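Asks: Encoded as structure tokens, here's the structure I'll be asking about.
The values are calculated or read from the model by the stated rules, or taken from the named source; none is laboratory data. On a predicted model such as this, the values are computed, not experimentally measured, just so you know. Quick reminder, even Gly has a Cβ in these numbers, built from the backbone with ideal geometry, and neighbours come from all protein chains shown. Surface areas here come from the heavy atoms of the whole protein model, side chains and all, with no ligands, DNA or RNA. Shrake-Rupley method; radii C 1.70, N 1.55, O 1.52, S 1.80 Å.
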Amino acid sequence: MPKPTVLVVDDEPDLCELLSITLQRMDLDPRTANSVADAQRLLKTEHLDLCLTDMQLPDGDGLELVKWIQQYSPSVPVAVITAHGNMETAVRALKLGAFDFVSKPLDLAGLRKLVASAIKLSGTQDTDTSVFGPRLLGASAAMQHMREMIGRVARSQAPVHIFGESGTGKELVAKLIHESGPRRDGPFVPVNCGAIPTELMESELFGHKRGSFTGAVSDKRGLIQSAEGGTLFLDEIADLPLHMQVKLLRVIQEKAVRPLGEQLEVGVDVRILSATHKNLSTLVAEGKFREDLFYRVNVIELRVPSLRERPEDTPELAEAILRRLGRRMKITPPMLGKDALAALERYAFPGNVRELENILERAITLTTGGEIRAADIQLRSTVLGPTGAPGTDTSDASPAGGALGDHLEDIERDAIVRALEQSRYNKTAAAKALGMSFRALRYRIKKLGIE
């Protein structure tokens with residue numbers, strides 16, 4: 001097998017020589033060019049697996065070369081070499097399609113990691129989304145576009161911000177970006193920024209040294225370092241306190257963390273993905289989210305469509321969810337009746353796919369036969385209007401006050417308790433009276449916390 005070939009574009013002979021030696025020691029074949037024109041000529045005539053380009057060149061700049069490569073040699077990953085601290089230029093390069101960036105003075109260890117990751121991408125096509133298989137369901141135009149975008153952003157190391165309503169599957173999208181990119185063999189570390197107590201957040205994210213505070217009886221590696229070589233997914237990033245936003249900004253800019261009690265920063269190699277259902281632009285305007293961090297995490301924005309934007313995907317999603325619930329509950333799942341399916345297709349799903357799963361889970365419990373009917377599904381008052389926007393149907397209005405899910409669980413709990421009391425707590429008889437299997441009843445008793 002021929003050695004992978006890397007093109008180095010720089011007009012400084014000393015830097016070209018340093019990079020060439022480093023690449024040769026990695027068992028790679030370096031090529032050099034000292035101008036944009038020379039680089040374009042080599043890209044046209046030779047097979048190249050990676051391009052490393054400086055920003056300042058005699059006949060142009062690295063950004064021009066990045067744009068040219070995206071148009072004429074899109075299968076070649078390109079990384080830019082920027083001046084120290086010039087994050088604005090690095091962000092512009094990432095937005096144009098650069099794989100990653102490295103700052104001067106060069107950190108050769110970090111450079112070797114970057115090169116190794118980029119070589120994995122060489123020659124792959126971003127249009128093949130078959131790897132997603134049944135995990136990202138739906139044949140709608142919105143989902144086809146989503147698969148295409150995931151394939152594109154997976155080829156980059158740029159931070160991606162995933163925006164969408166609650167329940168749309170933002171974490172699944174983040175996992176697919178990770179698993180279809182060069183970091184797939186590394187860890188995927190999800191962090192819910194709203195679930196970590198503020199006083200513990202710095203220790204959880206950055207780690208700490210023994211004795212750095214009361215109770216720190218041993219060294220602890222933070223979640224950011226745990227994602228070394230992989231992807232850090234910051235879910236609900238809008239919930240990060242302002243003081244932690246400052247520290248995260250430094251991690252992104254310097255690619256390093258400093259654990260509590262440690263004097264020196266430790267380099268980290270992680271890709272950062274983030275998500276929220278809130279509008280970060282609005283939070284920036286309100287002073288609740290730092291503008292400089294917004295531009296760092298929002299280099300690429302990926303919007304996940306709501307379920308009401310793709311109602312044609314509802315039947316496929318419903319069938320897949322029923323099969324999964326059947327496996328979990330160890331039962332043969334009931335079929336979805338035509339009237340029930342029609343009701344679901346008219347519904348606006350404020351809670352999106354997560355709400356669909358909750359609705360079907362309750363329907364399995366409430367159905368008395370082998371088919372889920374419209375009467376078995378409990379829907380809120382919101383349905384799809386004639387234009388596809390949320391409308392209302394007061395004939396199926398939810399109860400005033402309290403969460404709908406809690407209300408329905410109370411109804412279900414009362415029905416099960418009543419059946420148990422009438423059967424003198426014989427679960428087999430109670431299941432028969434409720435029209436469900438013994439396993440399904442046992443599952444619901446456990447889930448609802450019935451003693």
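Asks: Hey, can you grab everything whose amide H is under 5 Å from the amide H of D269? Only 5+ residues off in sequence or another chain; H modelled, so Pro and N-termini drop out.
Replies: G229
Asks: Which of the chymotrypsin sites (Phe, Trp or Tyr not before Pro) found in region 160-243 are loop residues per DSSP with 16 or fewer other Cβ atoms within 10 Å of their Cβ?
Replies: Working: sites: F163, F188, F206, F213, F233; in loops: F213.
Filter output for region 160-243: F213.
Asks: Pop a pseudo-label 7 angstrom from the Cα along the beta-carbon direction at both H243 and S73 and give the gap in nm to one decimal.
Replies: Here the answer is 4.9 nm between the modelled labels.
Asks: Loop only per DSSP, at most 16 neighbouring Cβ atoms within 10 Å: give me the trypsin sites (Lys or Arg not before Pro) in region 241-297, ordered by residue number.
Replies: On the way: sites: K247, R250, K255, R271, K278, K288, R290, R296; in loops: K255, K278, K288, R290.
Passing sites in region 241-297 are K278, K288.
Asks: Which value, in Å² rounded to 10, gives the accessible area of M146 with a 1.4 Å probe and all protein chains present?
Replies: The accessible area comes out at roughly 10 Å².
Asks: Same structure again: What is the helix-to-structure angle for 404-422, meaning the angle in degrees between its Cα long axis and the longest Cα principal axis of the chain, kept from 0 to 90 and rounded to the nearest 10?
Replies: 40
Asks: Need one number: % antiparallel among DSSP beta bridges in the chain, to the nearest 5.
Replies: Roughly 20 percent of the beta bridges in the chain run antiparallel, per DSSP.
Asks: Further question on the same structure: Would you calculate the convex hull of the Cα atoms in region 8-66 and tell me its volume per residue in Å³? Before the final figure, lay out each step's value.
Replies: Values: hull volume 4.1 nm³, N = 59.
Dividing the Cα hull volume of region 8-66 by its residues yields 70 Å³.
Asks: Once you've got the Cα coordinates, tell me which of K3/K255; K95/K175; K175/K447; K67/K175; K220/K278; K104/K288 are over 23 Å apart. Could you put the intermediate results ahead of the total?
Replies: Values: K3/K255 29 Å; K95/K175 21 Å; K175/K447 27 Å; K67/K175 28 Å; K220/K278 32 Å; K104/K288 33 Å.
Cα-Cα > 23 Å for K3/K255; K175/K447; K67/K175; K220/K278; K104/K288; rest within.
Asks: Using R₀ = 25 Å, calculate the FRET efficiency as 1/(1 + (r/R₀)^6) where r is the Cβ-Cβ separation of L448 and E421; round to 0.05.
Replies: Details: r = 15 Å, r/R0 = 0.61.
Efficiency at R0 = 25 Å is approximately 0.95.
Asks: In nanometres, what is the gap between the two model label sites at E286 and T428, each 7 Å from Cα along Cα-to-Cβ?
Replies: Taking the simple label geometry, E286 and T428 are separated by 5.7 nm.
Asks: Another one. Which GluC sites (Glu not before Pro) in region 281-356 sit in a loop by DSSP (not H, G, I, E or B) and have at most 12 other Cβ atoms within 10 Å of their own Cβ? It would help to have the intermediate numbers written out before the result.
Replies: On the way: sites: E286, E291, E301, E309, E312, E316, E319, E345, E355; in loops: E286.
Answer by residue number: E286.
Asks: Tell me, rounded to the nearest percent, the portion of alpha carbon pairs in the chain spaced more than 30 Å apart. Can you show the working numbers first?
Replies: Values: 56774 of 101475 pairs.
Percent of Cα pairs beyond 30 Å in the chain: 56.
Asks: Here is a further query. Which whole-number percent gives the relative contact order of the chain, counting Cα pairs below 8 Å spaced six or more residues apart? Present the calculation step by step, with values, prior to reporting the outcome.
Replies: Details: 752 pairs, mean separation 49.2, N = 451.
Worked out over the chain, it gives 11 percent.
Asks: Y425 accessible area, nearest 10 Å², 1.4 Å probe?
Replies: Only protein atoms counted, so the area is about 140 Å².
Asks: Calculate how steeply helix 108-121 sits against the longest principal axis of the alpha-carbon atoms of the chain, using the helix alpha-carbon long axis, and give the answer as 0 to 90 degrees to the nearest 10.
Replies: The two axes meet at around 60 degrees.
Asks: Regarding region 257-338, what is the average projected area of its C-alpha convex hull, in nm²? The partial results should precede the final answer.
Replies: Working: hull surface 43.9 nm².
Hull-based average projected area comes out at 11.0 nm².
Asks: Out of all Cα-Cα pairs in region 1-155, roughly what percent, to the nearest whole number, are more than 24 Å apart?
Replies: On the way: 4069 of 11935 pairs.
It works out to 34 percent of all Cα pairs.
Asks: Still on this structure: Angle, helix 242-254 long axis vs. longest principal axis of the chain, Cα atoms, 0 to 90°, nearest 10?
Replies: 40
Asks: Give the calculated FRET efficiency between D107 and D219 to the nearest 0.05, with a Förster radius of 22 Å applied to their Cβ-Cβ distance. It would help to have the intermediate numbers written out before the result.
Replies: On the way: r = 24 Å, r/R0 = 1.09.
The formula returns an efficiency of 0.40 here.
Asks: Sticking with this one: Report the FRET efficiency, 1/(1 + (r/R0)^6), for T198 and R135, where r is their Cβ-Cβ distance and R0 is 35 Å, rounded to 0.05. Write down the numbers at each step before the final one.
Replies: Details: r = 34 Å, r/R0 = 0.98.
Once rounded, the FRET efficiency stands at 0.55.
Asks: Using only Cα positions of region 203-295, each an equal point scatterer, no hydration layer, compute I(q)/I(0) via Debye at q = 0.10, 0.15, 0.16, 0.18 Å⁻¹ and quote the log10 values to two decimals.
Replies: Ignoring solvent entirely, the Cα scatterers give -0.29, -0.62, -0.69, -0.85.
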